[in-house]
Amino acid sequence: MTILGSGICWIYIGTLIIFSVYFLFKLRRKNKEEKDRGNGILPKGSSGWPLIGETLDFISSGYSSKPVSFFQKRTALYGKVFRTHILGKAIIVSTDSEVNKVILQNHGNSFISHYPKSITELMGKVSLLYINGPLQKRIHALIGGFLRSPQFKAKITKEVERSVQFALSSWIQYQGNLVYLQEESKKISFEVMVRALMSVCPGEELNFLRGQFEEYSKGLISLPIKLPGTRLYKSLKAKEKMLKVVREIIQQRKITMMKKKIDNINNGSSTIINDDVLDILLRDTLESDESQPHLPLDSISENLIEMMIPGEETVPTAITLAVKFLSDNPVALARLVEENLELKKRKACSGDEYAWTDYFFLPFTQNVINETLRMANIINAVWREALKDVNIKGYLIPKGWCVLASFISLHMDEENYENPYDFNPWRWEKTEATVNSNTFTPFGGGQRLCPGLELSRLEIAIFLHHLVTTYRWVAEDDDVICFPVVRMKNKLPITISAIIGQ
């Protein structure tokens, strides 16, 4: 090598060293600034592989017998708040109940909803999942107040009873009395939910909505590609078909409401009766003061479709898993049967109809529901995005970062629940196990606590009551899958038969 060539080589090496030192210094200074910002510490963690991060480990744990293993492994390494990179995003994960509580309670002030793009595409820009501030609080309060009202619960109790009794009696007519429980329970729950939302009765219109909703919901967790033939494209087309039907229902309801209003004026009456959620939303949009925030009329139809999700996924999954857990625990099943038979005998002797309070005051039945929701982890986490730098318990969540508040980690943590993988309804008789605890969050929390949680619990209780007091069943072996949603691998096949003499 010539002297000139050697000199150029050393200049190149020297320049490379200088730039390397410069960028290393800049990176260290940036990291220090992040750690020092607001006296918070950016949580420890790993970004995993380039591009894919730790997504493969995250997904594989969802197909395992312990889906919480992804979180538990990293909690052991880095603590209850850690960094990771999954599903194409760098995120901070919290498995700490106090941190989760702050995240849930500061929605709209420090955090906003953040979900995969496919969900955003299907839900729309004015989705209840994404709206914030006064409008979100108002709509949440309106819907929650209606669903919790004694008048609604009295009415819906009878409708749920009819739906459940009809479905159960039809199941024993199936060939061999073999029922795929998760599939069949969806029919019951979807019917109940659509009646609560829009008073749609069983028939062609309900069947059409359910068929299209199945197609729609398949795209909620999918690649965000809208080309013809893709999963998201098919789901968007199904949504368009549903929107056409729902908008026609809304148009007819507007005409009916105007007629009632005119009749009330003529009769000098001010009585307002809300039959369903559509009444609540439509009346609020059409009759509210201009100064009050309200949903645009065009977005009501989209939000009604969004609110069908619990009827297609959440409640039927809880019903299915309750039956599975009880099938695997004969002692718990016997206690449940005993309690519900006592109620049935009391009603037979008095001749009174069932009231919604009867189901809520079945203590062991409610314990079974609590334990099912804890173990099922149907809503296993919520996703948020930080609007500003947030410090919680010394941890820094930088502005713009995604944060995942894990519920499944709390429900399956031995610090919170002794032997968490055991189905033990009796644990809820102890004072330390309470539905108001920060470690029990099956319906979320804070400003976005599910407004239909009491309806969900009522529906599950009614189903269990009529199942265990009138029928017997044998469940086949089946496995729980937790990705992309919680479900039974084979839809939980059961063979059902009527109890002789019932």
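Using a Förster distance of 25 angstrom, determine the FRET efficiency expected from the C-beta separation of I262 and E205, and round it to 0.05. Step by step, r from the Cβ atoms, then E = 0.40.
Values of log10 I(q)/I(0) for region 253-403 across q = 0.19 Å⁻¹ run -1.12, by the Debye formula with one identical scatterer at each alpha carbon and no solvent. Computed from Cα atoms, the angle from the helix 363-376 axis to the main principal axis of the chain rounds to 30 degrees. Of interest is the spacing of the C-alpha centroids, which for region 451-475 and region 240-254 amounts to 31 Å.
How tilted is helix 3-36 with respect to the longest principal axis of the chain? Cα atoms for both, answer in degrees (0 to 90, nearest 10). Tilt relative to the chain: about 40 degrees. With N counted as the residues of region 77-153, its alpha-carbon radius of gyration over 2.2 N^0.38 Å works out to 1.41. For L286 and S149, a Förster radius of 25 Å and the Cβ-Cβ distance give a FRET efficiency of 0.75, rounded to the nearest 0.05. Taken along the Cα-to-beta-carbon direction at a fixed 7 Å, the label points for E342 and I41 span 5.1 nm. For the chain, the solvent-accessible area with a 1.4 angstrom probe is 50 square angstrom per residue.
Run the numbers on the chain and let me know its relative contact order in percent, using alpha-carbon pairs under 8 Å that are six or more apart.
Details: 663 pairs, mean separation 121.1, N = 502.
It comes to 24 percent, rounded to a whole number.
A straight line joining the Cα centroids of region 255-276 and region 95-128 runs 38 Å.
Hey, could you get me the Stokes-Einstein D for region 313-369, Kirkwood radius over alpha-carbon pairs, 25 °C and 0.890 mPa s, rounded to whole µm² s⁻¹?
Details: Rh = 12.5 Å.
After rounding, the answer is 197 µm²/s.
Given a cut-off of under 8 Å on Cα pairs at least six residues apart, what relative contact order in percent is computed for region 161-304? Walk me through the intermediate numbers first.
Values: 88 pairs, mean separation 27.4, N = 144.
About 19 percent, as a whole number.
The label point for K489 and the one for D275, both projected 7 Å from the Cα toward the Cβ, are 4.6 nm apart. When the alpha-carbon atoms of region 348-502 are used, the pair Rg, Dmax equals 19.2, 65 angstrom.
Shape descriptor for the chain: Rg over Rh equals 1.04 (Cα atoms; Rh from the Kirkwood inverse mean 1/r).
Tell me, what does the Kirkwood hydrodynamic radius of region 177-272 come to in angstroms if you use every pair of distinct C-alpha atoms? Each step should come with its number before you reach the end.
Values: mean 1/r = 0.0624 Å⁻¹.
One decimal place: 16.0 Å for the Kirkwood radius.
Could you please state how large a percent of the accessible area of the chain is carbon and sulfur, counting protein chains only and using a 1.4 Å probe?
Values: 14280 of 25070 Å².
Carbon and sulfur: 57 percent of the exposed surface of the chain.
Size descriptors for region 227-285: radius of gyration and Dmax over Cα atoms are 17.2, 57 Å. For the pair K73 and L129, a Förster radius of 30 Å applied to the C-beta separation gives a FRET efficiency near 0.50, rounded to the nearest 0.05.
Quick check on region 108-241: what does the Kirkwood estimate of hydrodynamic radius come out to from the alpha carbon pairs, in Å?
Working: mean 1/r = 0.0569 Å⁻¹.
About 17.6 Å, per the Kirkwood formula over Cα pairs.
Loop-located trypsin sites (Lys or Arg not before Pro) in region 115-216 (DSSP state other than H, G, I, E, B) with a sparse environment of at most 10 neighbouring Cβ atoms within 10 Å: K125.
The values are calculated or read from the model by the stated rules, or taken from the named source; none is laboratory data. Only a predicted model underlies this, so the values are computations on that prediction, with no experimental measurement involved. Methodologically, a virtual Cβ is constructed for each residue, glycine included, from the backbone with ideal geometry; neighbour enumeration extends over all protein chains shown. Protein only, heavy atoms only, side chains kept; ligands, DNA and RNA dropped before computing areas. Shrake-Rupley method; radii C 1.70, N 1.55, O 1.52, S 1.80 Å.
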